[in-house]
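The values are calculated or read from the model by the stated rules, or taken from the named source; none is laboratory data. Given the structure is predicted, the values throughout are model-derived calculations rather than measurements. Cβ placement follows ideal geometry from the backbone for every residue including glycine, while neighbour counts extend to all protein chains displayed. SASA here: full protein model, heavy atoms, side chains in, ligands and nucleic acids out. Shrake-Rupley method; radii C 1.70, N 1.55, O 1.52, S 1.80 Å.
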Amino acid sequence: MNISRRGFLLGGGASILLMPGIASYVQEDKGVELPRQRSGGDSLWFELSAQSNTLPTLENDTSADVCIVGGGYTGLAASIYLKKYRPDWRVLVLESHHLGAGASSRNSGAVYAKFTGMDDRGLAERGLQRFMAFLEEESIDCDFQAAKTLYLYSSESSARDARQSLSQGERWLDHQALKHSIASDFYIGAKASPGFYKIQPAGLLSEYRRVALALGVEIYERSPVLAIESGHSNTLTTDKAAVLAKQVLLATNAYTPRLGVAGEKMFPVHQYSCSTAKLNVRQIDQLGLNDWDLRFEPNTLPITFGLSASGHFFLRLVLGYASQDSTEWLDVNYARALVQRIFQERYPHINQLGIEHEWHGVTAHTLNSRSVVSNVLSDTIFLCGAYNGLGIMPSHYSAYLIAQKMTGNESEDWQRLTRLGQHVSFPRDYYRSLMLKSSFNLLNRF
Ligand SMILES: Cc1cc2nc3c(=O)[nH]c(=O)nc-3n(C[C@H](O)[C@H](O)[C@H](O)COP(=O)(O)OP(=O)(O)OC[C@H]3O[C@@H](n4cnc5c(N)ncnc54)[C@H](O)[C@@H]3O)c2cc1C
């Protein structure tokens, strides 16, 4: 395979983690990542999107009505709604790297009406409606379109269960029909599910940026928040300056524990994504990629395959847990070996084409799989994140609800979301690292 290694440069101090034994299970708490330290390079989606000018770094002390930490979907969507509700407020976004440096430019772009860990259909439908209305209102250009979607099963028992529990609108494809449709012999059957959409992830991000800047949100890049002190007004300290803010929103998702917040309730899970080179129309047809946009394998560790609007066939794989709050994945050879095996088993013809792009990302998870939308530290500091791997629509709707709350309008749906205090604690110690890391390693063998 032809793989660029650029994306997986190891951060400083990595060598100690490569030592066998305990060092590979327990990584030191490293604190906030500084701009130069993030490993994993940028995603293909980021490289394909129109690159905007870099935004300034916060150099001088200042004050704000709301200071948002983190410039991904959550932080930018919240800043937009805050400015819509209170145009007179000064709203700042501080991003440690560049906008979308986290999961928001690295995801698989699948959108549907679901809040992970919750069965509340009404909440999920209202979330999707709000997201779609926003795209319409702001003329967002992110290749948003309906996505023909399959859930694929490779064991007799999982296929039988899935076939027996088809919902309204779903239909079953048996092995023969599937083989014809996706040019793969690997699966026993699949269900076709309606209601999915897809986007260009980095395209959505840059559109959020456009709308936020037009509304007067002040955005600073390369401005990592290193400490937060709560009080009558809250003080956020970056490496160069301080912000005095009446209210704060932590939109730092999987990086939140590194800030010293919610680490006992949230933990980062590492994802590996890769794609082929851009395929031409003939290749797409010959490789059986024409009929379906998204293909999910709902295993214990789910795998997503998809064809992007740009013509790249991609794979997203859950790697697991590194240790403590680590947002860096050091063992890239492990990821590559897994991908080789997965592609070879399912799509040997695509495997022969080789992998041209690869990137890493982290998602924030909780033990009950629900997100966290909550006050933390004080009444004026909020946290919004931990979408457990499915956050494009949930981050938008949660940001919308939190902006209402911060401007004094609490909606009924705000009450439906889960506060930090309702989440189960999972102490950040050696045993957590040992347990999570080992169980992911074990699951990935199957
Ligand atoms: C590989 C992958 C595939 C995915 N696929 C899908 C999918 O198909 N569908 C779906 O719905 N969801 C998907 N997701 C999840 C989705 O991308 C996330 O839920 C969503 O992007 C979260 O947005 P966010 O703004 O909360 O977090 P992020 O985008 O991670 O943003 C957090 C930001 O905070 C910044 N930051 C961190 N610490 C600090 C600090 N101290 N100071 C300042 N800034 C800081 C980070 O640099 C980052 O930019 C996927 C995620 C990954 C990684």
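Numbers below:
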quantity: Placed amide H near VAL93: partners under 5 Å, 5+ positions off or other chain; calculated: ILE68, GLU218, ILE219, TYR220
quantity: Lys/Arg +1, Asp/Glu -1 at C-beta; the chain dipole; positive extreme among VAL269, VAL225, GLY288; calculated: GLY288
quantity: Out-of-range pairs (alpha-carbon distance over 23 Å; input LYS191/LYS437; LYS84/LYS246; LYS84/LYS114; LYS148/LYS191; LYS191/LYS265); calculated: LYS191/LYS437; LYS84/LYS114; LYS191/LYS265
quantity: Under the Karplus curve 6.51 cos²θ - 1.76 cosθ + 1.60, θ = phi - 60°, whole-Hz ³J(HN,Hα) for the range 377-392, x wherever Gly or Pro sits; calculated: 6, 7, 5, 10, 10, 10, 10, 9, x, 6, 7, 6, x, 10, x, 5
quantity: GLU412, GLU218, GLU345, ranked by accessible area, largest first (probe 1.4 Å); calculated: GLU412, GLU345, GLU218
quantity: Other-chain or far-sequence residues with amide H under 5 Å of SER154's (modelled H); calculated: ILE188
quantity: Hypothetical label at SER310: residues of the range 39-82 whose amide nitrogen lies under 11 Å (7 Å Cα-Cβ projection); calculated: 43-51
quantity: Fluctuation leader among ALA262, ALA77, ALA254 - the chain, Gaussian network, Cα springs under 10 angstrom; calculated: ALA262
quantity: Inter-label distance for ASP379 and ASN280, nm, one decimal - labels placed 7 Å from Cα along Cα-to-Cβ; calculated: 6.6 nm
quantity: Nearest-0.05 FRET efficiency for HIS232 and GLU410, computed from C-beta distance (R0 35 Å); calculated: 0.95
quantity: Inter-part distance where the range 377-409 and the range 71-105 are each reduced to a Cα centre, Å; calculated: 12 Å
quantity: Rg ratio (alpha-carbon, reference 2.2 N^0.38 Å) - the chain; calculated: 0.96
quantity: Dipole magnitude (debye, nearest 20) for the range 319-446, charges at Cβ of Lys, Arg, Asp, Glu; calculated: 360 debye
quantity: About the Cα centre, charge dipole magnitude for the chain (Lys/Arg +1, Asp/Glu -1 at Cβ), debye; calculated: 600 debye
quantity: Over the chain: helical MRE at 222 nm, DSSP H runs n ≥ 4 each giving -39500 (n - 2.57), nearest 500; calculated: -8500 deg cm²/dmol
quantity: Accessible heavy-atom area order of GLU356, GLU137, highest first, probe of 1.4 Å; calculated: GLU137, GLU356
quantity: For the chain, accessible area per residue (1.4 Å probe, heavy atoms of protein chains only), Å²; calculated: 42 Å²
